[in-house]
Amino acid sequence: YEPEARIFLMRKTASSPPTTGTTSATDPTKTVAADGTIQKEFRWYYKGEEHSVSLDIPQSVYNHYRQKEHAIEPGKSYETYVNAVLDTNDDILIKTLADKIKIVADQKGYTGDDKLYFLSSFVPGVFYYDTEKRNQVVATCKPYIRYPIEMLVDGVGICTDAAILGVHMLYSAGYEDI
(Lines give C-alpha, C1' and ligand atoms only; values in the text may rest on other atoms or scores of the structure.)
Protein backbone atom coordinates (compact mmCIF):
# COMPACT_ATOMS: atom_id res chain seq x y z
CA TYR A 1 0.00 0.00 0.00
CA GLU A 2 1.42 3.34 -1.06
CA PRO A 3 0.89 6.00 1.64
CA GLU A 4 0.24 8.65 -1.00
CA ALA A 5 -2.70 6.74 -2.46
CA ARG A 6 -5.82 8.65 -1.56
CA ILE A 7 -9.51 8.39 -2.16
CA PHE A 8 -10.66 10.15 -5.32
CA LEU A 9 -14.24 9.09 -5.83
CA MET A 10 -17.19 10.70 -4.13
CA ARG A 11 -19.40 8.77 -1.74
CA LYS A 12 -21.94 6.70 -3.61
CA THR A 13 -25.28 5.17 -2.78
CA ALA A 14 -25.25 1.52 -3.81
CA SER A 15 -29.03 1.34 -4.00
CA SER A 16 -29.32 4.19 -6.52
CA PRO A 17 -29.48 2.74 -10.04
CA PRO A 18 -27.82 4.78 -12.77
CA THR A 19 -29.85 6.23 -15.59
CA THR A 20 -29.36 4.34 -18.87
CA GLY A 21 -27.07 6.10 -21.32
CA THR A 22 -26.07 8.88 -18.94
CA THR A 23 -23.67 9.51 -16.12
CA SER A 24 -25.07 8.38 -12.79
CA ALA A 25 -26.23 11.20 -10.55
CA THR A 26 -24.54 9.55 -7.56
CA ASP A 27 -21.40 8.42 -9.36
CA PRO A 28 -19.88 10.63 -12.07
CA THR A 29 -17.46 7.81 -13.00
CA LYS A 30 -20.22 5.35 -13.91
CA THR A 31 -22.35 5.32 -17.04
CA VAL A 32 -24.68 2.69 -18.39
CA ALA A 33 -24.61 1.99 -22.13
CA ALA A 34 -27.75 1.30 -24.14
CA ASP A 35 -26.98 -2.43 -23.98
CA GLY A 36 -26.92 -2.30 -20.16
CA THR A 37 -23.15 -2.52 -19.79
CA ILE A 38 -21.90 -0.55 -16.80
CA GLN A 39 -18.94 1.56 -17.87
CA LYS A 40 -16.81 2.51 -14.90
CA GLU A 41 -13.78 4.81 -14.76
CA PHE A 42 -11.41 4.57 -11.79
CA ARG A 43 -8.98 7.33 -10.77
CA TRP A 44 -6.37 7.12 -8.03
CA TYR A 45 -3.04 8.62 -7.02
CA TYR A 46 0.34 6.99 -6.66
CA LYS A 47 3.51 8.95 -5.87
CA GLY A 48 1.58 12.19 -6.27
CA GLU A 49 0.43 11.44 -9.81
CA GLU A 50 -3.13 10.70 -10.92
CA HIS A 51 -3.78 7.46 -12.82
CA SER A 52 -6.93 6.06 -14.38
CA VAL A 53 -8.33 2.93 -16.00
CA SER A 54 -11.81 2.00 -17.16
CA LEU A 55 -13.75 -1.24 -17.12
CA ASP A 56 -16.98 -2.38 -18.77
CA ILE A 57 -19.05 -4.62 -16.50
CA PRO A 58 -22.07 -6.48 -17.90
CA GLN A 59 -25.21 -5.63 -15.93
CA SER A 60 -25.98 -9.38 -15.76
CA VAL A 61 -22.72 -10.05 -13.88
CA TYR A 62 -23.42 -7.22 -11.43
CA ASN A 63 -26.98 -8.52 -10.91
CA HIS A 64 -25.61 -12.04 -10.31
CA TYR A 65 -23.56 -10.78 -7.35
CA ARG A 66 -26.31 -8.52 -6.01
CA GLN A 67 -28.55 -11.61 -5.80
CA LYS A 68 -25.96 -13.87 -4.13
CA GLU A 69 -25.93 -14.58 -0.41
CA HIS A 70 -24.10 -11.81 1.45
CA ALA A 71 -24.51 -12.91 5.06
CA ILE A 72 -21.66 -14.77 6.71
CA GLU A 73 -22.85 -17.76 8.69
CA PRO A 74 -21.37 -18.10 12.20
CA GLY A 75 -18.38 -20.41 12.11
CA LYS A 76 -18.11 -20.27 8.32
CA SER A 77 -16.68 -16.79 7.85
CA TYR A 78 -13.25 -17.89 6.61
CA GLU A 79 -14.78 -20.29 4.09
CA THR A 80 -17.19 -17.61 2.87
CA TYR A 81 -14.43 -15.09 2.26
CA VAL A 82 -12.23 -17.61 0.49
CA ASN A 83 -15.12 -18.62 -1.76
CA ALA A 84 -15.75 -14.96 -2.62
CA VAL A 85 -12.14 -14.57 -3.73
CA LEU A 86 -12.12 -17.82 -5.66
CA ASP A 87 -15.49 -17.27 -7.38
CA THR A 88 -14.77 -17.80 -11.08
CA ASN A 89 -17.76 -15.81 -12.40
CA ASP A 90 -15.83 -12.55 -12.17
CA ASP A 91 -12.31 -13.82 -12.99
CA ILE A 92 -12.20 -12.38 -16.51
CA LEU A 93 -13.32 -8.93 -15.34
CA ILE A 94 -10.87 -8.82 -12.43
CA LYS A 95 -8.07 -10.06 -14.72
CA THR A 96 -8.97 -7.43 -17.33
CA LEU A 97 -8.80 -4.74 -14.65
CA ALA A 98 -5.48 -6.06 -13.30
CA ASP A 99 -4.05 -6.18 -16.83
CA LYS A 100 -5.09 -2.58 -17.48
CA ILE A 101 -3.43 -1.44 -14.26
CA LYS A 102 -0.29 -3.41 -15.17
CA ILE A 103 -0.19 -1.64 -18.56
CA VAL A 104 -0.25 1.73 -16.80
CA ALA A 105 2.52 0.50 -14.45
CA ASP A 106 4.60 -0.61 -17.43
CA GLN A 107 4.05 2.72 -19.18
CA LYS A 108 5.32 4.48 -16.05
CA GLY A 109 8.36 2.20 -15.91
CA TYR A 110 7.44 0.58 -12.60
CA THR A 111 9.12 -2.76 -11.98
CA GLY A 112 9.60 -5.17 -9.07
CA ASP A 113 8.28 -3.98 -5.73
CA ASP A 114 7.33 -0.59 -7.14
CA LYS A 115 5.00 -2.30 -9.62
CA LEU A 116 3.46 -4.34 -6.81
CA TYR A 117 2.97 -1.18 -4.70
CA PHE A 118 1.38 0.56 -7.69
CA LEU A 119 -1.07 -2.32 -8.19
CA SER A 120 -1.75 -2.38 -4.45
CA SER A 121 -2.50 1.35 -4.41
CA PHE A 122 -5.54 0.87 -6.64
CA VAL A 123 -8.01 -0.52 -4.11
CA PRO A 124 -7.48 1.97 -1.26
CA GLY A 125 -7.17 4.74 -3.82
CA VAL A 126 -10.57 4.40 -5.49
CA PHE A 127 -13.05 3.17 -2.88
CA TYR A 128 -14.96 4.99 -0.22
CA TYR A 129 -15.13 3.42 3.23
CA ASP A 130 -18.73 2.40 3.86
CA THR A 131 -19.31 3.69 7.40
CA GLU A 132 -22.99 2.81 7.18
CA LYS A 133 -22.18 -0.87 6.49
CA ARG A 134 -19.55 -0.92 9.23
CA ASN A 135 -22.02 0.49 11.75
CA GLN A 136 -24.65 -2.07 10.73
CA VAL A 137 -22.18 -4.95 11.10
CA VAL A 138 -21.07 -3.71 14.53
CA ALA A 139 -24.64 -3.09 15.73
CA THR A 140 -26.03 -6.42 14.60
CA CYS A 141 -22.91 -8.60 14.92
CA LYS A 142 -23.92 -10.00 11.51
CA PRO A 143 -21.10 -9.51 9.04
CA TYR A 144 -21.78 -9.73 5.35
CA ILE A 145 -19.59 -9.39 2.31
CA ARG A 146 -19.72 -7.12 -0.69
CA TYR A 147 -18.39 -9.05 -3.66
CA PRO A 148 -15.53 -7.60 -5.75
CA ILE A 149 -17.82 -6.76 -8.70
CA GLU A 150 -20.16 -4.91 -6.33
CA MET A 151 -17.23 -2.90 -4.98
CA LEU A 152 -16.14 -2.04 -8.51
CA VAL A 153 -19.61 -0.86 -9.52
CA ASP A 154 -20.75 0.71 -6.24
CA GLY A 155 -17.40 2.15 -5.20
CA VAL A 156 -17.90 1.43 -1.51
CA GLY A 157 -17.00 -1.27 0.96
CA ILE A 158 -15.32 -1.97 4.28
CA CYS A 159 -11.81 -3.24 4.91
CA THR A 160 -12.70 -6.90 4.44
CA ASP A 161 -14.41 -6.20 1.11
CA ALA A 162 -11.37 -4.24 -0.06
CA ALA A 163 -9.04 -7.06 1.03
CA ILE A 164 -11.06 -9.59 -1.00
CA LEU A 165 -10.90 -7.40 -4.11
CA GLY A 166 -7.21 -6.59 -3.57
CA VAL A 167 -6.16 -10.21 -3.17
CA HIS A 168 -8.27 -11.28 -6.13
CA MET A 169 -6.78 -8.53 -8.30
CA LEU A 170 -3.17 -9.22 -7.28
CA TYR A 171 -3.67 -12.96 -7.83
CA SER A 172 -5.13 -12.20 -11.28
CA ALA A 173 -2.09 -10.01 -11.99
CA GLY A 174 0.21 -12.98 -11.41
CA TYR A 175 1.13 -12.48 -7.75
CA GLU A 176 0.27 -15.94 -6.48
CA ASP A 177 2.14 -15.80 -3.17
CA ILE A 178 0.04 -13.20 -1.44
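The values are calculated or read from the model by the stated rules, or taken from the named source; none is laboratory data. Keep in mind the model is a prediction, meaning the values are calculated, not measured. Using ideal geometry, Cβ is built from the backbone for each residue, glycine included, and neighbour counts are taken over all protein chains shown. Heads up: the accessible areas ignore ligands, DNA and RNA and are worked out on the full protein's heavy atoms, side chains in. Shrake-Rupley method; radii C 1.70, N 1.55, O 1.52, S 1.80 Å.
The residue pairs whose first member lies in the stretch 86-111 and is open to solvent by 50 Å² or more (accessible area, probe 1.4 Å), whose second member is outside any helix (DSSP H, G or I), and whose beta carbons are closer than 6 Å, counting only pairs six or more residues apart or on different chains, are K100/V53; K102/A173.
Residues in the stretch 128-169 that are within 18 Å of the chain's Cα centre (by Cα) and farther than 16 Å from D87 by Cβ: how many? Please lay out each step first, then the result.
Looking only at the stretch 128-169, we keep the residues that are within 18 Å of the chain's Cα centre (by Cα), and these are 128-134, 144-169.
Adding the requirement that they be farther than 16 Å from D87 by Cβ leaves 128-134, 154-156, 158-159, 162.
So the count comes out to 13.
Within the stretch 65-75, if we keep just the residues that are open to solvent by 70 Å² or more (accessible area, probe 1.4 Å) and part of a helix (DSSP H, G or I), the residue that is nearest to L97 (Cα to Cα) turns out to be R66.
Taking the stretch 115-137 on its own, how many of its residues are without any contact (Cβ under 8 Å) to a residue 24 or more places away in the chain and within 19 Å of S172 (Cβ to Cβ)?
Our first condition is that a residue be without any contact (Cβ under 8 Å) to a residue 24 or more places away in the chain; within the stretch 115-137, this holds for 115, 131-132, 135-137.
Those left that are additionally within 19 Å of S172 (Cβ to Cβ): 115.
Qualifying residue count, the stretch 115-137: 1.
The numbered conditions (1) crowded, with 18+ Cβ neighbours inside 10 Å; (2) small (G, A, S); (3) at positive phi are all true for A162 except (3). Would it be correct to say that T96 is of a type in the set (V, I, T) and at pLDDT below 85? No: the conditions fail for T96. Filter the stretch 25-60 down to the residues that are outside any strand (DSSP E or B) and buried (at least 19 other Cβ atoms within 10 Å of the Cβ), then identify the one that is modelled with the lowest pLDDT. Only one residue tops the list, namely D27.
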